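I have placed the structure first, in the form of structure tokens, so that the comments after it can refer back to it.
What follows draws every value from the coordinates through simple rules; no lab data is involved. Being a predicted model, the structure only gives us computed values, none of them experimental. Note that each Cβ is placed from the backbone with ideal geometry, even for glycine, and that neighbours are counted across all protein chains shown.
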Amino acid sequence: MSIEPVGRIWMDGEMVDWEDANVHVLTHGLHYGSSVFEGIRAYGTVRGPAVFRLTDHLRRLERSAAVYMIEMPYVLRDLVAATKELLRVNGLNDCYIRPLVFRGSGSLGLNPLEVPVRVAIAAWPWGAYLGEAGLENGIRATVSSWRRPGPSMLPAGAKAGGHYLNCQLAVIEAVRAGYQEALMLSPEGLVAEGAGENVFLVRDGVLLTPPPSAGILPGITRDSVLRIAVDLGYDVRESHVAPGDLFTAEEVFLTGTAAEVCPVREVDGRVIGKGKRGPITTRIQATFFAATRGELPRYWPWNELVGGREVAAGV
Ligand code: PPE
């Protein structure tokens, strides 16, 4: 998805012009995928722009960095302040925010521990990741022949640059076959997640989603949806899902910061449910969007205001 330049980017503690946020070609992260990142969205609310679960995303960023022993030169409070400042200087309302922590230049080779660590935060308006029509009518997905790595191969819970090579293979395969997104299995053949989303299905009115042990990135949107589903009175279970379970599900949907809550209407040419956004997906999606827009006081702690008064965190 293309990106239009927007004002400034926060880089290593300074606001720099969009065009000047560059790196050397011998940057370690470019060669070996040694970076960790986040994807966060801000939404307009009646109390002004608010970043959805900013602190939770930045905590995950810290954990991703810790797994790879990438020493963060900034503490959480600095990154929260930098993100809000960036949105203010760029006058952004609805937008996508991409914090990136990467090993810089000065040394190459597989021992990364001496390489200086750099940090950038960029933000730009980004529309529906799987299309507006996808949010409304559902997308067509395929089960990829590429599998997610197991726990002894890569730490799936870390959101690291290099992990996404595997997802790119899956998306290339899916898009070339005419699908909009790839679903990926664990090495054992259980459903893990989408290339850039977590997956939920509805069976007998019960919501099911694969557990962290299936090798997923435990998504913050997934966590929000689990909470919303319980609040709406649904029975929700983390449960292993076999690929065949997808075909007989009443509803399937994906969750992610970029993709938001997106119905799946078809998997490998087989129609899911009635072949359109199902009733439970519709309700959860509507509640999720209302929460992101600050319309539901119960979820106000998730709306971290760019300016002005905060509601105490810890919903
Ligand atoms: N699994 C994967 C593999 C993943 O990349 C994401 C987010 C999720 C699950 C959902 O996580 P969360 O955003 O916390 O609910 N994918 C990010 C990157 C997408 C991209 O193309 O870049 C995102 O949605 O921002």
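On the basis of being in contact with a Phe, Trp or Tyr (Cβ under 9 Å, 6 or more places away or on another chain), away from the ligand (no atom under 16 Å from the Cβ) and in contact (Cβ under 8 Å) with a residue 40 or more places away in the chain, does G189 make the cut?
Considered against the rule, which asks whether it is in contact with a Phe, Trp or Tyr (Cβ under 9 Å, 6 or more places away or on another chain), away from the ligand (no atom under 16 Å from the Cβ) and in contact (Cβ under 8 Å) with a residue 40 or more places away in the chain, G189 comes out as no.
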Of all residues in the range 12-29, which are surrounded by fewer than 16 Cβ atoms within 10 Å (Cβ to Cβ) and part of a helix (DSSP H, G or I)? W18, E19, D20
Inside the range 192-228, can you point out the residues that are near the ligand (Cβ under 8 Å from one of its atoms), touching a Pro at 6+ places or on another chain (Cβ under 7 Å) and farther than 18 Å from A141 by Cα? P218
Mind checking which pairs have a first residue in the range 144-157 that is touching a residue at least 40 places away in the same chain (Cβ under 8 Å) and a second that is crowded, with 16+ Cβ neighbours inside 10 Å and acidic (D, E), Cβ under 9 Å, 6 or more apart or different chains? S144/E173; R148/E193; A156/E193
Do we find a residue being free of Cβ contacts under 8 Å to residues at least 24 places away in the same chain and farther than 30 Å from E173 by Cβ anywhere in the range 120-142? no
Scanning the range 30-66 for residues that are assigned to a helix (DSSP H, G or I) and away from the ligand (no atom under 15 Å from the Cβ), the one farthest from G219 (Cα to Cα) turns out to be H31
Members of the range 253-277 that are in a strand (DSSP E or B), within 14 Å of E181 (Cβ to Cβ) and out of contact with any Gly (no Cβ under 9 Å at 6 or more places or on another chain): E260, V261, V267
